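Let me begin by presenting the structure, written as structure tokens, before commenting on it.
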Amino acid sequence: LERQLLMQNQMRERQTAMQIARTREFLKYFGAFFGLAAVGLTTGAIKRKNPGVLLPIVPLSFIFAYQYDMGYGTMLQRMKGEAENILETQSTLLELPKGPLTFEDLEKIRRAQSKIYIEK
């Protein structure tokens, strides 16, 4: 059992590391896009003398800030803290509809599915 727990923890850590790496890689591409968009929109606003052209920078900057926080900031620590808070103080939110799945429920589902396959 201890080996299984260690293996599951290693898999979780590797999946989390992959998620962070994926976010950082996405940030590189999105950062390049954001930089080009900012330069292009600024140039367009100056040439047209219309500051409204800069409006798309606002949502793009929120996306960029979110991705940066996810990849290099403290978002994961904040998410972990909030998850711990939910587990400790709001555990009723985690309950499954109709309660936990039981062996009998699984058997009913299995039998119903096997009847469907037999009829086909």
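The values are calculated or read from the model by the stated rules, or taken from the named source; none is laboratory data. Model, not experiment: these values are computed from the prediction. Here the Cβ is made from the backbone with ideal geometry for all residues, glycine too, and neighbour counts use every protein chain on show. Accessible surface is based on the protein model in full, side chains and every heavy atom, while ligands, DNA and RNA are left aside. Shrake-Rupley method; radii C 1.70, N 1.55, O 1.52, S 1.80 Å.
On average, how much accessible surface per residue is there in the chain, in Å², for a 1.4 Å probe, leaving out ligands, DNA and RNA? Before the final figure, lay out each step's value.
Numbers: 10440 Å² over 120 residues.
That works out to 87 Å² per residue.
Estimated from helices alone, the mean residue ellipticity of the chain at 222 nm is -28000 deg cm²/dmol (sum of -39500 (n - 2.57) over DSSP H runs with n ≥ 4, per residue).
Determine the share of the range 1-72's accessible area contributed by carbon and sulfur atoms, expressed in whole percent, with a 1.4 angstrom probe. Please list the in-between numbers first.
Working: 3850 of 5820 Å².
About 66 percent, which is the carbon plus sulfur part of the accessible surface.
Residues whose amide H falls under 5 Å from that of GLY73, counting only those 5 or more places apart or on a different chain, are absent, with hydrogens built in the peptide plane. Taking Cα atoms only, the orientation of helix 2-48 departs from the longest principal axis of the chain by about 20 degrees.
Between the Cα long axis of helix 75-89 and the first principal axis of the chain there is an angle of about 40°, rounded to the nearest 10. Extents of the range 1-72, largest first, come to 68, 15, 12 Å (Cα atoms, principal axes, whole angstrom). For the range 73-89, no residue has its backbone nitrogen under 14 Å from a point 7 Å from the Cα of LEU5, taken along Cα to Cβ.
Scaling against 2.2 N^0.38 Å puts the C-alpha radius of gyration of the chain at 1.79.
Once both axes come from the Cα atoms, what is the angle between helix 103-119 and the longest principal axis of the chain, in degrees from 0 to 90, rounded to 10? Tilt of helix 103-119: around 90 degrees. Fully extending the segment from ILE86 to ALA45 would add 10.2 nm, taking 0.36 nm per residue of separation and subtracting the current Cα-Cα distance.
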